[in-house]
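The structure appears right after this line, and notes come after that.
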Amino acid sequence: MKINALVAQDAAQPLAAGQITLRPLQQQDVKIEILYCGVCHSDLHMARNEWAVSRYPLVPGHEIVGRVLETGTQVTRFKAGDMVGVGVMVDSCRACHFCQQQEEQYCEAGFTATYNGIDKYTDDSTWGGYAQHVVVDQHFVVSIPQNLALAGVAPLLCAGVTVWSPLRHFGVKAGDSVGVVGLGGLGHMAVKLASALGAEVTLFTTSPEKGADARRLGATRVVVSRDAAQMAACQTSLDFIIDCVAAPHDLDPYLATLKTNGRLVLVGIPDQPHQSPNVTPLVFRRLSISGSSIGSIKETQEMLDFCGEHNITADIELIAGEEIETAFARMLKGEVKYRFVIDMLATRW
């Protein structure tokens, strides 16, 4: 079946309307009409082949919200008309240790990415959510709470669960002191989710003007990280930090704000390595530096259910598909609060 999509033909050309062919519906598959798709920074990296792994033609998009149109004969979890989401993964080996314990994001064979992966049925590239429809195995589809605004749910499928996973895995709880570094797509969700869990949230930012917004989102303290006095004032005050910044920076000032046994978790991936941190405080205060990938399907559903209970969605700016290159340019300048989302039904094909 041919459908309309926003297609990157090579790294030098802008995304443009074109057509792709969806795979035939398999017994476990769900066919989804895409209503909204979030615009992740990785979409731009992939469209421009900045990670040198892109295969063209390429259709980005892995923050997908839509309506079930059709199901395969063995689908039991969904029916036509259900509102559902698809995130970063659409398959995994299902057999390794991590898949067996419902942590498909760490699949030993490597999970199949929603786009630019290899579809095991066709041996062709998987197609992402900048399109009219998508076909996905039911295991990698999640249900959306009925009370949430659908457009604002889309970024939860990547940005939301990427910060939710370490919050839950490392047991952040009410009363904990949590730092969030950076107030972008991931950071604003980290502030919202940590606050809703009952944590006292400190937002670290290089931009003093973001303070009011950080407090609106749930932060109780805002620290300008370039201000040495402000950084010194919060030394040894935090239990846990999520670092959402995808640019190389010095980790030592943040480690200094952790209590003994504190943990710094990196979810942003810089294009150059961070400078090596000072080992001394790690040893003498038993500090930890960890990384965390996207969340599992189980964690994604738990996060969506939690967001439904607390009425949490992402702060978004809605665009039509033909505005994607303008959105990419603004995203590079940091001119979005805090995620672009494509309205597929408003897109002119």
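At a glance:
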item: Lone qualifier among Ser225, Ser276 - being over 30 Å from Cys107 (Cα atoms) and open to solvent by 20 Å² or more (accessible area, probe 1.4 Å); result: Ser225
item: Of all residues in the stretch 141-168 being buried (at least 20 other Cβ atoms within 10 Å of the Cβ) and of a type in the set (S, T, N, Q), the one that is nearest to Glu63 (Cα to Cα); result: Thr162
item: Among (1) in a loop (DSSP other than H, G, I, E, B); (2) surrounded by 21 or more Cβ atoms within 10 Å (Cβ to Cβ); (3) of a type in the set (Phe, Trp, Tyr), the one test that Trp349 misses; result: (2)
item: Members of the stretch 255-269 found to be touching a strand residue (DSSP E or B) at 6+ places or on another chain (Cβ under 9 Å), open to solvent by 10 Å² or more (accessible area, probe 1.4 Å) and of a type in the set (Val, Ile, Thr), listed by number; result: Val267, Ile269
item: Residue in the stretch 308-328 that is nearest to Gly129 (Cα to Cα), counting only those that are open to solvent by 50 Å² or more (accessible area, probe 1.4 Å) and hydrophobic (A, V, I, L, M, F, W, C); result: Leu318
item: Members of the stretch 135-148 found to be among the hydrophobic types (A, V, I, L, M, F, W, C) and under 15 Å from Lys120 (Cα atoms), listed by number; result: Val135, Val136, Phe140
item: Flag for Arg286 being touching a Ser or Thr at 6+ places or on another chain (Cβ under 7 Å), without any contact (Cβ under 8 Å) to a residue 40 or more places away in the chain and not small (Gly, Ala, Ser); result: yes
item: Residue identified as surrounded by fewer than 22 Cβ atoms within 10 Å (Cβ to Cβ) and touching a residue at least 40 places away in the same chain (Cβ under 8 Å) among Tyr130, Tyr56; result: Tyr56
item: Yes/no for Gln138 being among the polar types (S, T, N, Q), surrounded by fewer than 21 Cβ atoms within 10 Å (Cβ to Cβ) and over 22 Å from Gly61 (Cα atoms); result: no
item: Some residue of the stretch 75-82 being open to solvent by 10 Å² or more (accessible area, probe 1.4 Å), closer than 18 Å to Ala149 by Cα and in contact with a Lys or Arg (Cβ under 9 Å, 6 or more places away or on another chain); result: yes
item: Count of the stretch 169-207 residues which are open to solvent by 30 Å² or more (accessible area, probe 1.4 Å), within 21 Å of Ala246 (Cβ to Cβ) and part of a helix (DSSP H, G or I); result: 3
item: Any hit, the stretch 253-263, residues being of a type outside the set (A, V, I, L, M) and either part of a loop (DSSP other than H, G, I, E, B) or closer than 26 Å to Gln102 by Cβ (or both); result: yes
item: Extreme residue, farthest from Gly295 (Cα to Cα), among residues of the stretch 102-126 that are touching a Phe, Trp or Tyr at 6+ places or on another chain (Cβ under 7 Å) and open to solvent by 40 Å² or more (accessible area, probe 1.4 Å); result: Glu108
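The values are calculated or read from the model by the stated rules, or taken from the named source; none is laboratory data. Computed from a predicted model, the values in this text were never measured in an experiment. Because the Cβ atoms are built from the backbone with ideal geometry, glycine has one as well, and the counts that use them run over all protein chains shown. Accessible surface is based on the protein model in full, side chains and every heavy atom, while ligands, DNA and RNA are left aside. Shrake-Rupley method; radii C 1.70, N 1.55, O 1.52, S 1.80 Å.
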